[in-house]
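All remarks here apply to the structure that follows.
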Amino acid sequence: MKKNKIIAVFGTRPEAIKMAPLVLKLKNNPAVELKICITAQHRQMLDQVLEFFEITPDFDLDLMKANQSLNQLASRILTSFDQLLEQEQPDWIFVHGDTTTSSMCALSAFHRGVKVAHVEAGLRTYMKHSPFPEEINRQITGRIADLHFSPTQSSQENLLKEGVAEKSILITGNTVIDALHLAVKKLSDGYIDEEIRLLKSIITPGKKLITVTGHRRENFGDGFDRICNSIKKLSQIPDVEVIFPVHLNPNVQKPVNEILSGITNIHLIAPLAYPAFVYLMQYSHIILTDSGGVQEEAPSLGKPVLVMRENTERPEAVEAGTVKLVGTDPDMIYENVLNLMTNAAEYEKMSTAYNPYGDGQAVERINELFD
Ligand code: UD1
Ligand code: UDP
């Protein structure tokens with residue numbers, strides 16, 4: 001029997017976390033010849049994930065440049081990945097989600113007549129500039145893909161409304177839950193590393209820990225200034241401790257360091273490798289974020305999430321009440337955090353563990369299609 005020749009290609013931290021369980025599974029599928037390509041749209045934050053999951057890529061395009069522009073990055077990906085497609089002649093490429101890596105690799109594959117499977121397919125806001133550029137990256141990849149792995153029923157419904165053939169869509173759950181289960185299991189088996197030791201030394205029992213992450217382009221500038229100023233105000237609430245692993249994008253580093261450095265109970269730290277970040281979420285009282293992946297993971301861990309965005313392509317946990325959109329208005333952020341700190345019933349309601357994004361079996365379902 002001829003094996004399916006697949007190249008799984010990804011480039012950023014969240015894609016790597018969500019593709020890791022899938023590539024580990026496909027590697028052991030005798031009907032598949034799998035090659036792993038990283039664009040390295042991210043460098044350090046990608047390598048952290050590869051190291052934890054013990055993944056060695058077959059091809060490293062090594063494309064990240066400091067403070068890269070979207071068009072420069074997109075053109076480098078198109079050119080480099082095209083050369084790889086010409087050399088390797090795969091039957092399929094697998095891409096993930098919403099990044100410049102996924103949309104440009106999908107486009108290169110389309111130009112070369114190579115089939116595309118899209119993991120985490122069908123998430124939409126239908127707002128061109130929010131999230132930017134992810135909404136349009138998703139729509140580009142969605143138009144091109146031959147197979148769509150939708151995490152939830154509502155993401156499948158979006159694709160059906162757009163005229164995608166039902167037989168090309170499989171509802172799988174989100175592979176992030178598969179990844180989260182791997183990390184939680186490892187932590188409960190006693191896994192420890194330097195970053196977890198650092199967190200243990202910062203986290204003070206009895207204090208209310210707020211974990212913050214942020215990186216969205218539509219929040220750059222005024223949005224980030226407002227976010228940072230509200231965190232500064234939050235840090236004045238008695239017994240609050242803030243841990244903020246700061247994304248390496250210079251547009252994030254600058255305002256965060258300028259506004260939040262030197263405050264005793266705000267800990268600005270480097271991006272954490274996946275197990276340490278999962279550990280941090282487990283010990284958090286509240287999570288304040290604009291991240292997509294964190295919105296999916298935290299409800300499983302029973303942690304209330306306040307999302308610093310005006311809208312979300314992940315409505316499921318908002319509808320269930322464990323995630324709330326608070327935008328970037330400082331008063332909204334402050335009042336919502338304070339409410340969670342002081343209103344036990346509200347806290348209880350938002351911290352009920354709820355798992356709308358998957359059951360940890362997404363990669364099994366995808367793998368079965370290629371058996
Ligand atoms: C990218 C994705 C976004 C995803 C996010 C996850 C695009 C357009 N954006 O945004 O969809 O949600 O990743 O984090 O695809 N940098 C480093 N080291 C790293 C990573 C980034 O130094 O390991 C710095 C570099 O200066 C780089 C800049 O951050 O140029 C921006 O990286 P880029 O991937 O273009 O955008 P992100 O904002 O990270
Ligand atoms: N994450 C991590 N270390 C950190 C912050 C986040 O490993 O310091 C993980 C987090 O658990 C989630 C993913 O990175 O799985 C989210 O990445 P990001 O917020 O950069 O991107 P998004 O999900 O918004 O695309």
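A few notes on this one:
- In the assembled protein chains, Arg43 presents an accessible area of approximately 50 Å² (probe radius 1.4 Å).
- Per atom type, the chain shows carbon and sulfur on 50% of its accessible surface, probed at 1.4 Å.
- Cα-based reach from Lys161 at 24 Å (exclusive), listing lysines while leaving out same-chain residues under 8 positions away: Lys115, Lys128
- Nearest 10 degrees, 0 to 90: helix 222-234 Cα axis against the chain principal axis: 40
- Phi-based couplings in Hz for segment 71-81 (Karplus 6.51, -1.76, 1.60; Gly and Pro marked x): 5, 5, 5, 4, 5, 5, 5, 4, 5, 5, 5
- Exposure rank, largest accessible area first [Glu335, Glu319; 1.4 Å]: Glu319, Glu335
- Reachable lysines from Lys65, criterion Cα separation under 21 angstrom, eight or more residues apart if same chain: Lys254
- The solvent-accessible area of Glu316, taken with every protein chain present and a 1.4 Å probe, is close to 30 Å².
- Magnitude of the charge dipole, segment 167-302, Cβ model with Lys/Arg +1 and Asp/Glu -1, debye to 20: 120
- When DSSP beta bridges are restricted to pairs lying wholly in segment 1-90, around 0% turn out antiparallel.
- Exposure of Ile6 as accessible area (Å², to 10), given a probe of 1.4 Å and all protein chains: 0
- Folded to 0 to 90 degrees: helix 250-260 orientation relative to the chain principal axis, Cα: 10
- Cα-centred dipole magnitude for the chain, charges only on beta-carbon of K, R (+1) and D, E (-1), debye, nearest 20: 200
- Think of a 1.4 Å ball rolled over the protein heavy atoms: segment 212-289 then has 36 Å² of accessible area per residue.
- Dipole of the chain, positive end: most advanced residue of Asn71, Thr352, Pro275 [Cβ charges, Cα centre]: Asn71
- Solvent-accessible surface of segment 1-63, averaged per residue with a 1.4 angstrom probe and all protein chains in place: 40 square angstrom.
- If you take all other residues with their beta carbon under 11 Å from the beta carbon of Ser154, and give Lys and Arg +1 and Asp and Glu -1, the sum is -1.
- Charge dipole of segment 12-64 about the Cα centre (unit charges at C-beta), most positive-ward option of Met45, Pro57, Val32: Val32
- Theoretical ellipticity at 222 nm over the chain - DSSP helices of four or more residues, -39500 (n - 2.57) apiece, nearest 500: -14500 deg cm²/dmol
- Percent of C-alpha pairs per 10 Å bin, the chain, short to long: 5, 24, 35, 25, 9, 2, 0
- Largest first, the residues Asp189, Asp60 sort by 1.4 Å accessible area into Asp189, Asp60.
- For segment 158-310, the C-alpha radius of gyration sits at 1.16 times the compact-globule guess of 2.2 N^0.38 Å, with N the residue count.
The values are calculated or read from the model by the stated rules, or taken from the named source; none is laboratory data. Everything numeric here is computed off the predicted structure, so don't read it as measured data. In this analysis, Cβ positions are derived from the backbone assuming ideal geometry, glycine residues included, and neighbour counts consider all displayed protein chains. Areas reflect the complete protein model, heavy atoms only, side chains present, ligands, DNA and RNA absent. Shrake-Rupley method; radii C 1.70, N 1.55, O 1.52, S 1.80 Å.
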